[in-house]
Amino acid sequence: MKALPFAEGDTNTVDIFTKIGGHEQVVFCNDESIGLRAIIAIHSTKLGPALGGCRMRPYSSTEEALEDVLRLSKGMTYKCAAADVDFGGGKAVIIGDPMKDKSPELFRAFGQFVDSLNGRFYTGTDMGTTPSDFVHAMKETNCIVGVDEAYGGSGDSSIPTAQGVIYGIQATNKVIWGTARLSGRSYAIQGLGKVGYKVAERLLEEGADLYVTDINEEAVTRLSEYAKSMGSMIKVVGSNEIFSQEADVFVPCALGGIINDDTIPELKCLAVAGSANNQLAEERHGQMLQAKGIVYAPDYIVNAGGLIQVADELYTPNKERVMQKTRAIYDSLLDIYRHAAEKGVTTVEAANQFCESRIEARVRRNSFFSHHKRPKWAVRS
Ligand SMILES: NC(=O)C1=CN([C@@H]2O[C@H](COP(=O)(O)OP(=O)(O)OC[C@H]3O[C@@H](n4cnc5c(N)ncnc54)[C@H](O)[C@@H]3O)[C@@H](O)[C@H]2O)C=CC1
Ligand SMILES: O=C(O)CCC(=O)C(=O)O
């Protein structure tokens, strides 16, 4: 039989089904007329329709984009289970430079592909995309979440995400020092985007010392001026220097895979707690952190605030309810820390076990019902 691209046995390629592993569906979206290249990955709809943001990045290859969307969508399955929302795991990536390649037509075309999935996938913002991008996409599909209030959405989901990160840091401080206090400690923040900037502002307001880095100089300058106006300590460091700062907590709020064989030896922190998705390059890096005595707050527990908001949106937006639900991150994380200590496993293993048993229980419950394409309580049909 003629070898297919990614065929098994071809030394340069990988069998595509081996590559996508346990994912239910992967959709390659191609609109040459406007240069849209996107991938939608649906990892699991066991808990409900897949939900996950859409990331835009100038990936260096299709393979890199595929790798990213597969990891991110699987993470969403666990995040949905942990946050106890009736959605499954999915995610999308658009291959392109968010600074140069955005256009209303690009997002409309993307919206058409989302719509073609007929309610199996809901999406909104992630790294490189903003709520206003999806105002274009929502002209083509109802399956868009997280647009501004003026368009009927719940607005910027990075607000509850940042608040969730603060709860995550407080729970982590509680485990290390016996008090959740944020002040009097130092934090090394990687990435001052939608989430990282808000976390940094809050930590400064609490009287913390900061080490920060971002490739976006404007964000760094703006935060430095804010810190100066408050008389707070802030040190700006280079992208590669952030790992080795003598800060109490490392707060990754940019890319995934930053906890790896190269960076772990450099870390001098007591804990890692931040918003970035897929912080560990591989699960074994959780064990390496533990062996080094560094407390790791599993990313998908800490960064669930945005998901909580966009999932809650289908009941119609309500900020107070979202903030109430986001507060649960503090107790969930303390439970994970307790469970990990009792069972002698890493915090990632403890979180995964918790989510897997929750999914199993819910699958039994879901099997009682017929499968609807959309949540029964969806307000947009
Ligand atoms: N926005 C949200 O509500 C949620 C975000 N996350 C995750 O949190 C992370 C940050 O998300 P957003 O703040 O929304 O993205 P964003 O795109 O607004 O911000 C990312 C920031 O990281 C900076 N950056 C990129 N590469 C860098 C590098 N090598 N060194 C230092 N800085 C670098 C960018 O310049 C940008 O300022 C991502 O991993 C995202 O998937 C997770 C859950 C929800
Ligand atoms: O935050 C959002 O808008 C959607 C949820 C998501 O994609 C995430 O949590 O990574």
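Quick notes
Conditions tested, residue by residue: (1) at pLDDT 95 or above; (2) in the same structural domain as Cys143 (by the TED database); (3) within 16 Å of ligand 2 (Cβ to nearest atom).
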| site | (1), (2), (3) |
| --- | --- |
| Gln279 | yes, no, yes |
| Gly286 | yes, no, no |
| Gln290 | yes, no, no |
| Gly293 | yes, no, no |
| Ala297 | yes, no, yes |
| Glu313 | no, no, yes |
| Ala328 | yes, no, yes |
| His339 | yes, no, no |
| Lys343 | yes, no, no |
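- Leu72 vs. criteria near ligand 2 (Cβ under 10 Å from one of its atoms), aliphatic (A, V, I, L, M), surrounded by 20 or more Cβ atoms within 10 Å (Cβ to Cβ) and closer than 26 Å to Thr18 by Cα: yes
- Of all residues in region 193-208, one or more are buried (at least 18 other Cβ atoms within 10 Å of the Cβ) and over 22 Å from Met323 (Cα atoms).
- Index of the failed condition, Ala188 passing every other in (1) within 16 Å of ligand 2 (Cβ to nearest atom); (2) in a strand (DSSP E or B); (3) aliphatic (A, V, I, L, M): (1)
- In region 195-249, of all residues being part of a strand (DSSP E or B) and touching a Lys or Arg at 6+ places or on another chain (Cβ under 9 Å), the one that is farthest from ligand 1 (Cβ to nearest atom) corresponds to Asp209.
- For first residues located in region 249-268 and farther than 14 Å from Val295 by Cβ, partners that are of a type in the set (Ser, Thr, Tyr) and lie 6+ apart or on another chain with Cβ distances below 6 Å form the pairs Cys253/Ser275; Glu266/Ser244.
- Of residues in region 138-182 being away from ligand 1 (no atom under 12 Å from the Cβ) and at positive phi, the one surrounded by the fewest Cβ atoms within 10 Å (Cβ to Cβ): Gly178
- Taken together, Asp148, Asp133 contain a single residue that is free of Cβ contacts under 8 Å to residues at least 24 places away in the same chain, under 23 Å from the mean Cα position of the chain (by Cα) and within 16 Å of ligand 2 (Cβ to nearest atom), which is Asp148.
- Every test in (1) within 16 Å of ligand 2 (Cβ to nearest atom); (2) within 24 Å of Val195 (Cα to Cα); (3) not β-branched (Val, Ile, Thr) is passed by Cys355 save one, and that test is (2).
- Candidate set from region 292-335 (those that are outside any helix (DSSP H, G or I) and among the basic types (Lys, Arg)); member that is nearest to ligand 1 (Cβ to nearest atom): Arg327
The values are calculated or read from the model by the stated rules, or taken from the named source; none is laboratory data. Since we're looking at a predicted model, the values are computed, not measured. Ideal geometry is used to build each Cβ from the backbone, glycine not excepted, and the neighbour counts take in all protein chains shown.
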